[in-house]
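Everything below concerns the one structure shown next.
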Amino acid sequence: MAIDTELPLSQTQLERTTAQVVKPPHYWPGVVMLAMYWAYAFSCRHLELSMLVLFLSRMAALLLLLLGFSIWWLTNRRIARRERWMAVAVTLGGAALAVPLTLTTLGPAVVVLGLLFVFTLGTLWLVVSKRATPRVRRWGLWTTICLVWVGCTLVRWNGLNGDQESDVRWRWQPTAEELFLAEHSSAGDANDGAAVELMPGDWPEFRGAGREGRVEDSGLALDWNAYPPQSVWKKRVGPGWSSLIVVGGRLYTQEQRGRVETVVCYKAATGDELWEHKEEGRFEETVSGPGPRATPTFADGRIYAVGARGKLSCLDAANGRAIWSRDLAADAGASVPQWGFSSSPLVVEGLVVAYAGGPDQGLLAYRADTGDPAWQVATGKNTYSSPQLVSLDGTKQILFLSDSGLIGIEPSRGVVLWECSLKGMPAIQPHVVGDMEILTPAGDGLSLVKIHHRGDVWSAEQRWSSRALRPSFNDVVVHDGAIYGLDEGIFCCVDLQTGKRRWKGERYGHATMVFLVEPSLLLVISEKKGTAILLPADPEPQDERGRFQAIEGKTWNHPVIAHGRLYLRNDEEMVCYELHQ
């Protein structure tokens, strides 16, 4: 930070330097760099940049500022060398004292963020104190630097939302997880012996039957002005980005509870906890927080769940009793992904198929009854998408999307039927369109892939690739020749045949959605505020049909509608609403 060098000269110095004029320091280079950085930091939220480009550009801008400002400060000859290095020493000393106290609340980012505010507030102090005495300016600068590092120890960073906006709280405020653990009492094992069976209208896996996010219930009350959704129950839950499944009057999800990762069963009617299955270990990363990411799968009276560190568990759905388990990372020789294992397991033809991420064992299949290995398929090393069962040209196959592309796999033997090379880091599901086309995320947008089948030969080719809709980590809906989704948080419609945008509407953030089939409506759950919004699936832009405040807190978990009720959860709470009249 700039220190004024207009020090009083001694009598001897005055005699030796007659007529000498000491030039005062100027701060404008630092002010300009800071102004440019903060202008970009605030304006980039309104630019239509992809999530990756936005993140990388903001990091680049920040690093350029830190580098440029440091060079300017250290080479500024109008500031005495001793004063320049004294400011550096105070900055580094403050960081050395603050960092050990902030690693659990801000993480390693405290160093970069702390320097940003040291530069900003220090320069602001020097500008406003320009007419003060040199002594006041020096001590004020050092005090400002120390106060920045003290401030860092007083706050907790709760990660980012989809628009990369920080959630910062006071350090002494209890976290949602701490509040939950303080009031939670385990229900113990629900050993009632009653088998859990799938019923019509249940929601047995991630995004429902077929993983398509479709709701077929035609009896929902969707005139929310006349019949607003009625709250049935609400309760705190442990953190995690797992969604819910609904089977036989029960809810199943995954949560982090302190040092253990859990699969939890609740009574759908009341939200009362029936049982929990615990696995030692905790996954947590700075940006997204703690907890499991994948959603459990129900099949034949059992629950199959993948933890954030890759523990695949098979449990009795009635009481949570462990039947078998596997360590996906160990079986595949893989490491835990940056954001944790997020792919939900798929149960098909007596097998459990799960993403493992190994160099030659990207996708693994196990016997559903015993957990014994059945087959393995090489895929890309990274994905946050889930395998799903589809039918193409009358042939059942598993679709799987990774950073190397999209593949179709014969389920019983694990034979790859076809593949299509695509780039990008997938986090959403591909969608079968008609009999032989698949809409899939690719690169920084979407691609439509055409599948060809003649005899025993399968092949795939891209029909088009488009950046008109960049869905990031929220899924899209395809209906009547149009694609609906959130282009970096802005709701829009794209033509299915051409990939060209038809229209662009309101900004809802990186929301989740499901498709209500019979009224052709989209239920959107906004990420930031947890607002439920009804939007028409119409190729012409239409107004909202209704909205209400459904849940509090950042909501990335996919919504569920089953038996006329809407179930939502996030990393803080779980709620249920009645949608029938």
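A compact table of results
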{"quantity": "Centre separation in Å (Cα based) which lies between the range 407-478 and the range 224-246", "calculated": "32 Å"}
{"quantity": "Fully extended contour minus Cα-Cα distance, from ALA378 to ILE490, at 0.36 nm per residue", "calculated": "36.8 nm"}
{"quantity": "Whole-angstrom gap from the range 122-167 to the range 511-561, using each part's C-alpha centre", "calculated": "41 Å"}
{"quantity": "Within the range 133-150: backbone nitrogen closer than 19 Å to the SER166 label point (7 Å, Cα to C-beta)", "calculated": "144-150"}
{"quantity": "For ALA299, net neighbour charge (Lys/Arg +1, Asp/Glu -1) across residues whose Cβ lies under 14 Å away", "calculated": "-4"}
{"quantity": "Cα shape, the range 249-372, gyration tensor, a/c 1.5 rule", "calculated": "oblate"}
{"quantity": "Selected from TRP149, SER391, GLY380, residue furthest toward positive end of dipole (the chain; charges at beta carbon)", "calculated": "TRP149"}
{"quantity": "Sum of side-chain charges, LEU486 neighbourhood, beta-carbon under 11 Å (Lys, Arg +1; Asp, Glu -1)", "calculated": "-2"}
{"quantity": "Three-way shape label, the range 86-179, alpha-carbon gyration tensor, a/c 1.5", "calculated": "prolate"}
{"quantity": "Modelled label reach - LEU101, point 7 Å along Cα→Cβ, the range 145-166 residues with backbone N closer than 16 Å", "calculated": "145-157"}
{"quantity": "Protein accessible area in the range 226-332, 1.4 Å probe - carbon and sulfur %", "calculated": "44 percent"}
{"quantity": "Simple Cβ-charge dipole of the chain, Lys/Arg +1 and Asp/Glu -1, about Cα centre, in debye nearest 20", "calculated": "3380 debye"}
{"quantity": "Cα gyration tensor shape for the range 519-581, rounded if a/c is under 1.5, else prolate or oblate", "calculated": "oblate"}
{"quantity": "Average accessible surface area per residue within the chain, 1.4 Å rolling probe, Å²", "calculated": "44 Å²"}
{"quantity": "Simple spin-label estimate for LYS267 and TRP139 in nanometres, 7 Å along Cα-Cβ", "calculated": "6.8 nm"}
{"quantity": "Computed P(r) (all Cα pairs; the range 302-402; 10 Å bins; percent)", "calculated": "16, 51, 28, 5, 0"}
{"quantity": "Separation in nanometres of the label points that stand 7 Å from Cα toward Cβ, at TRP233 and VAL128", "calculated": "5.3 nm"}
{"quantity": "Helix-only mean residue ellipticity at 222 nm for the chain, each DSSP H run of n ≥ 4 adding -39500 (n - 2.57), per residue, nearest 500", "calculated": "-7000 deg cm²/dmol"}
{"quantity": "Extension gain from ARG77 to SER412, taking 0.36 nm per residue of separation minus the Cα-Cα distance", "calculated": "113.2 nm"}
{"quantity": "Separation between Cα centres of the range 367-385 and the range 307-343, rounded to whole Å", "calculated": "11 Å"}
{"quantity": "GluC sites (Glu not before Pro) restricted to the range 282-380 and DSSP loop, no more than 16 other C-beta within 10 Å", "calculated": "GLU349"}
{"quantity": "Antiparallel content of DSSP bridges confined to the chain, in %, to 5", "calculated": "100 percent"}
{"quantity": "Computed magnitude of the charge dipole of the range 31-168 (debye, nearest 20; Cβ of K, R +1, Cβ of D, E -1)", "calculated": "1000 debye"}
{"quantity": "R0 of 45 Å, Cβ-Cβ distance ASP223-LEU56: FRET efficiency to nearest 0.05", "calculated": "0.50"}
{"quantity": "Extension gain, ARG214 back to LEU64 (0.36 nm per residue minus Cα-Cα distance, nm)", "calculated": "49.4 nm"}
{"quantity": "ALA109/LYS529 FRET efficiency (R0 25 Å; Cβ-Cβ; nearest 0.05)", "calculated": "0.50"}
{"quantity": "Degrees between helix 81-102 axis and first principal axis of the chain (Cα, 0 to 90, nearest 10)", "calculated": "30 degrees"}
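The values are calculated or read from the model by the stated rules, or taken from the named source; none is laboratory data. What you are looking at is a predicted structure, and each value in this text was computed from that prediction instead of being measured. Methodologically, a virtual Cβ is constructed for each residue, glycine included, from the backbone with ideal geometry; neighbour enumeration extends over all protein chains shown. Just the protein is used for accessible areas: all its heavy atoms, side chains included, with ligands, DNA and RNA removed. Shrake-Rupley method; radii C 1.70, N 1.55, O 1.52, S 1.80 Å.
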